[in-house]
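Here the structure is laid out as structure tokens; the discussion comes afterwards.
The values are calculated or read from the model by the stated rules, or taken from the named source; none is laboratory data. Computed from a prediction, not measured in an experiment: that's the story for all the values here. Here the Cβ is made from the backbone with ideal geometry for all residues, glycine too, and neighbour counts use every protein chain on show. Note: areas computed on protein heavy atoms with side chains; ligands, DNA, RNA excluded. Shrake-Rupley method; radii C 1.70, N 1.55, O 1.52, S 1.80 Å.
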Amino acid sequence: MDRREIAALLAAIGRLDPRTSRTDQAEARDQIAQWHELLGDVPTATPHGWDVYAAARQHIRLSPYPIRPSDIARPWESYRRDRLSRHTDPTPSADPDDQAAWMAELAVARREVAAGTAQPAPAPAITSGRDGIDPALEARLKAIGSCIPPAARAALAPFRRSRAAREEALAQGQRHALSVRCEWCLAQPGEPCRRRRIGPDGGARGTIPRSTPHPGRVDLANGQHDVRPRHTAPA
């Protein structure tokens with residue numbers, strides 16, 4: 001705001017709160033000079049929501065104290081911070097190898113957002129990436145049926161026995177055993193069956209995962225018969 005805009009603002013404030021009015025011309029000039037020095041970088045209004053008269057009215061309406069320049073500067077700084085917090089730097093059009101031009105374009109965009117002359121740029125939304133896919137790539141994905149090629153899946157099968165058994169069951173149209181609770185070892189759905197480790201004294205020293213589920217769990221998953229819980233689990 002320039003001095004004329006400051007004088008107009010003080011006149012509007014004086015109509016709403018006579019305590020701020022200055023009848024002496026020297027005092028009025030000093031008041032205008034003081035407010036201009038403190039609020040010279042604050043605009044009267046912006047295209048995107050800032051209005052200095054609205055900020056002044058808000059203070060006069062809610063506060064019992066006479067308005068001061070800080071009561072205008074504080075909402076303005078909050079307005080700037082809010083806009084910058086919602087801004088995501090777009091990719092500059094400058095050459096990425098020209099670091100000075102790249103940074104200058106980012107700085108100009110941020111200043112315009114903070115000053116209220118441009119809207120904050122939102123973060124780009126995540127898209128599915130299926131638009132415009134190469135037909136050859138799409139055909140290859142359909143042929144493979146998975147992000148892991150069949151040859152790689154077969155090579156990994158010895159190291160992922162539970163997963164390989166689950167995939168084999170699904171391929172045969174059966175329900176995998178890990179989808180149900182094991183009534184032998186009480187393993188929960190999704191967890192592998194476990195077998196006890198027996199120490200030299202015959203006592204249990206813990207359990208270790210089994211590479212294959214208990215037969216009763218397989219039967220239960222396939223709905224062949226009801227398996228009753230037992231207190232001990234087979235090795």
Please express the shape of segment 1-80 as an equivalent ellipsoid: the semi-axes are the square roots of 5 times the eigenvalues of the C-alpha gyration tensor, given largest first in whole angstrom.
-> 20, 15, 10
Leaving out ligands, DNA and RNA, what percent of the accessible area of the chain is carbon and sulfur, probe 1.4 Å?
-> 54
Sorted list, accessible surface of protein heavy atoms, 1.4 Å probe, largest first, for Met1, Met103 is Met103, Met1
In degrees, nearest ten, helix 3-16 long axis to first principal axis of the chain (Cα) | 90
What angle do you read, to the nearest 10 degrees and between 0 and 90, between the alpha-carbon axis of helix 70-85 and the longest principal axis of the chain?
-> 30
Please give the net charge around Glu105, taking every other residue with its beta carbon less than 15 angstrom from that of Glu105, where Lys and Arg add +1 and Asp and Glu add -1.
-> -3
Using a 1.4 Å probe, what is the accessible area per residue for the chain, in Å²?
-> 68
Taking Cα atoms only, Rg over Rh for segment 29-120 with Rh from the Kirkwood formula is 1.11
Nearest 10 degrees, 0 to 90: what angle lies between the long axis of helix 99-115 and the longest principal axis of the chain (Cα atoms)?
-> 70
Accessible-area order for Tyr65, Tyr79, Tyr53, largest to smallest, probe 1.4 angstrom, reads Tyr65, Tyr53, Tyr79
Per the charge dipole of the chain (beta-carbon charges, Lys/Arg positive, Asp/Glu negative, Cα centre), the residue among Ala164, Pro43, Ala7 reaching farthest to the positive end is Ala164
